[in-house]
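Bear in mind that the values in this text are calculations on the coordinates, not laboratory data. It should be emphasised that the depicted structure is a prediction, and the values quoted were computed from it without experimental measurement. A quick note on method: Cβ atoms are made from the backbone with ideal geometry, for glycine too, and the neighbour counts reach across all protein chains shown.
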Amino acid sequence: MKHKRLLQSIIALCSLVPLSAGGTGMILGPWMMQGAAVAPGLESHFRYLSGLLFAIGVAYVTAIPRIETQGMRIYLLTGLVVMGGIGRVFSLSVIWPPSNSVIAALAMELLVAPAVALWHYRATRSVSPNA
């Protein structure tokens, strides 16, 4: 597979985003991250979703060693990330203008993740029928 190491490196680098954001969200919660108290149900939901985000990062990282055979995993994870980004777009109707962190998250979710998945597809389509 041409450019395997570069693709692995890009996925590793991009994985730092869900790992760090998810891990921080699980540990600190919304109050420590944003400085505002939230209802207990929202606190719990925030930490739950942060755990899912962290797990997405772990799933991307564990695909790295055999990246050429991990197409279905990469595409599923990317679909989850894109759906999260679509959900975030809905929040723009409530909170406008978006903060810089929201813009950066949307860029990762709706541009970077799909671009990396497309790169993976193009790089591996001749390697394996399961890629």
Tilt, helix 4-34 to longest principal axis of the chain (alpha-carbon atoms), in degrees rounded to tens, equals 10 degrees
Pop the C-beta distance of Phe90 and Arg125 into the FRET formula with R0 = 41 Å and round what comes out to the nearest 0.05.
0.80
Residue order, fewest to most beta carbons within 10 Å, for Val94, Val38, Val81:
Val94, Val38, Val81
On Cα atoms only, tilt of 113-124 relative to the major axis of the chain in degrees
10 degrees
Cut-off is 10 Å between beta-carbons; in what order do Glu109, Glu43 appear when sorted fewest neighbours first?
Glu43, Glu109
Work out, step by step, the length gained on full extension between Thr24 and Glu43: first 0.36 nm times the residue separation, then minus their alpha carbon distance; give nm to one decimal.
5.5 nm
When Trp31, Trp96, Trp119 are arranged by how many other beta-carbons sit within 10 Å of their Cβ, fewest first, they go Trp96, Trp31, Trp119
If one compares the long axis through the Cα atoms of helix 71-91 with the longest principal axis of the Cα atoms of the chain, the angle in degrees, nearest 10, works out at 30 degrees
In nanometres, the difference between 0.36 nm per residue of separation and the alpha-carbon distance of Leu6 and Leu76 is 23.1 nm
